[in-house]
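**Q** Supplied in structure tokens, the structure appears directly below.
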Amino acid sequence: MNSKTFFVTFLTLALILMTCLSGCERVRQVISPDVSTPDAAATVKIGVIQPANFGPSFAKGAELARTQINASGGVLEMHVEFIVKDNQGADALPGTEESVRVARELIEEDGVITIIGPLFSTNSTQVGPVATAHSILMIPGSSGQNVTSKGGDFVFLVVAPSSVQAAVMAQFAVDAAELNAKTAATIRQADDVYSADLTMAFEENFQKLGGEIVASEVYQHGDENFDAQLMNINAAAPDTVFLASFFPEVFLVAAQARAMGIEATLLGSDSWNDSNLLKTLDDNAPLEGAYFITDFSTESPDAAPFVEAYEAMFVEDADAIASWGYDAMGILATAIETAGTLDSAAIRDALANVTNYQGASSIAGYDAHRHPIKSVAINTIRDGEVALYKVFEP
């Protein structure tokens, strides 16, 4: 059985959920006729690192995959068990020290064979070496292009790397008839691997294509006033402004830019792809007409089984972050079944050779950097809603 057929089986077994269920029962139960239940006494322990205050759909996506996998017989006829740890810590953003602490706890005390997560690239670059030192596979929900090189041989991405995302966005800014950008400004968050990687890669690619970076601004997480940065950008009058950052700063920057009279087209990264968050904003007008890149779209026909199952289980819209958790668990299960063992090195080698995986998104395979080979898309925001603009194949 090839990897694509294997995981499609997981999807089709759990599309119909019991509508009479609520709460935890809705999350835990699926209809799976003619499939034997895996032996609960024989379990495969997998760690999930999920920050309390950011991207809760990541763990939910992984949980959907786990539920479907167990309903279809588990992995190697064993029940998959999650041990979930919060790496939020006392800070506003998930902390590096807390991320390393919970990773060590998962490996050394809980005995997990794999870690799914963390989300932030900054955290992943610190947790990766811990996982590799223990020969534990780690599949984060991160896109930092250096996460795998800094993390070691046991770290694989499921998110399209920042190098690919930034190159496509730079090409789009230059080539798209709606933009035809000659100049660009960037704003990034200080001391954040994700924001820095994307911004630097965008600037490099934009300049290689003949564009000019006329302003490159930095802010601190938690800042609420961006007048100084935006005054510099306003004076430079760029055609576009690339903002590889997170909410709420994305919205605050956009609102203040428009209030200052900056009319440049706003370009964003995959951290913008949170449809549930967009719906909570009182006023989406500052983001109207913006474009952002993503490696997941609910409008993709291939994503339909995942979207339907996720929305039935959790009664909320599926988003990119959920797709990363789902695919991390899905492609891991594929690798374990292919390896035929729980030996970490064998699973790692099997994952490196996975081809034509189909889950929430499609992964053709892995390159030498352990980055997934997958399509990315440009989304746009129109009338306060996210809409697919164009897909770019690898």
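Okay, residues lined up against (1) touching a helix residue (DSSP H, G or I) at 6+ places or on another chain (Cβ under 9 Å); (2) in a strand (DSSP E or B); (3) under 23 Å from Phe296 (Cα atoms):
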{"position": "Leu157", "(1), (2), (3)": "yes, no, yes"}
{"position": "Ala160", "(1), (2), (3)": "yes, no, yes"}
{"position": "Ala167", "(1), (2), (3)": "yes, no, yes"}
{"position": "Ala170", "(1), (2), (3)": "yes, no, yes"}
{"position": "Arg188", "(1), (2), (3)": "yes, yes, yes"}
{"position": "Asp191", "(1), (2), (3)": "yes, no, no"}
{"position": "Thr199", "(1), (2), (3)": "yes, no, yes"}
{"position": "Phe202", "(1), (2), (3)": "yes, no, yes"}
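**Q** Right, here's the next one. Go through (1) touching a helix residue (DSSP H, G or I) at 6+ places or on another chain (Cβ under 8 Å); (2) among the β-branched types (Val, Ile, Thr); (3) at pLDDT 95 or above and name the single condition Val307 misses.
**A** Of the numbered conditions (1) touching a helix residue (DSSP H, G or I) at 6+ places or on another chain (Cβ under 8 Å); (2) among the β-branched types (Val, Ile, Thr); (3) at pLDDT 95 or above, the odd one out for Val307 is (1).
**Q** Picking from Ala328, Ala345, which residue would you name as being in contact (Cβ under 8 Å) with a residue 60 or more places away in the chain, of a type in the set (Gly, Ala, Ser) and buried (at least 21 other Cβ atoms within 10 Å of the Cβ)?
**A** Ala328
**Q** Now a separate question. Do any residues in the range 282-298 that are closer than 14 Å to Val250 by Cβ have Cβ atoms under 7 Å from those of residues that are buried (at least 22 other Cβ atoms within 10 Å of the Cβ) and among the aromatic types (Phe, Trp, Tyr), where the two are at least six apart or on different chains, and which pairs are they?
**A** If the second residue must be buried (at least 22 other Cβ atoms within 10 Å of the Cβ) and among the aromatic types (Phe, Trp, Tyr), the pairs left are Phe292/Trp272.
**Q** If you scan the range 172-186, which residues turn out to be in a strand (DSSP E or B) and crowded, with 21+ Cβ neighbours inside 10 Å? Spell out the reasoning first.
**A** If we filter the range 172-186 for residues that are in a strand (DSSP E or B), which is where we start, we get 183-186.
If the condition is that a residue be in a strand (DSSP E or B) and crowded, with 21+ Cβ neighbours inside 10 Å, then Ala184, Ala185, Thr186 are the ones that fit.
**Q** For the range 105-123, how many residues meet the condition of being outside any loop (DSSP other than H, G, I, E, B) and either among the aromatic types (Phe, Trp, Tyr) or closer than 29 Å to Leu198 by Cα (or both)?
**A** 6
**Q** With the condition kept exactly as written, say whether any residue in the range 370-382 is in contact with a helix residue (DSSP H, G or I) (Cβ under 7 Å, 6 or more places away or on another chain), among the polar types (S, T, N, Q), crowded, with 22+ Cβ neighbours inside 10 Å and within 18 Å of Val159 (Cβ to Cβ).
**A** no
**Q** Say whether the condition of being outside any helix (DSSP H, G or I), touching a Pro at 6+ places or on another chain (Cβ under 7 Å), modelled with pLDDT of 95 or more and under 27 Å from Val193 (Cα atoms) is met by at least one residue in the range 61-83.
**A** no
**Q** Please go through the range 107-121 and pick out each residue that is buried (at least 24 other Cβ atoms within 10 Å of the Cβ) and over 15 Å from Glu81 (Cβ atoms).
**A** Across the range 107-121, the qualifying residues are Gly117, Pro118, Leu119, Phe120, Ser121.
**Q** Considering each residue of the range 132-167, count those that are within 17 Å of the chain's Cα centre (by Cα) and farther than 19 Å from Thr114 by Cβ, and give that number.
**A** Final tally of qualifying residues: 11.
The values are calculated or read from the model by the stated rules, or taken from the named source; none is laboratory data. The structure presented is a predicted model; accordingly, all values stated were derived computationally and were not measured. Virtual Cβ from ideal backbone geometry, glycine too; neighbours counted across all protein chains shown.
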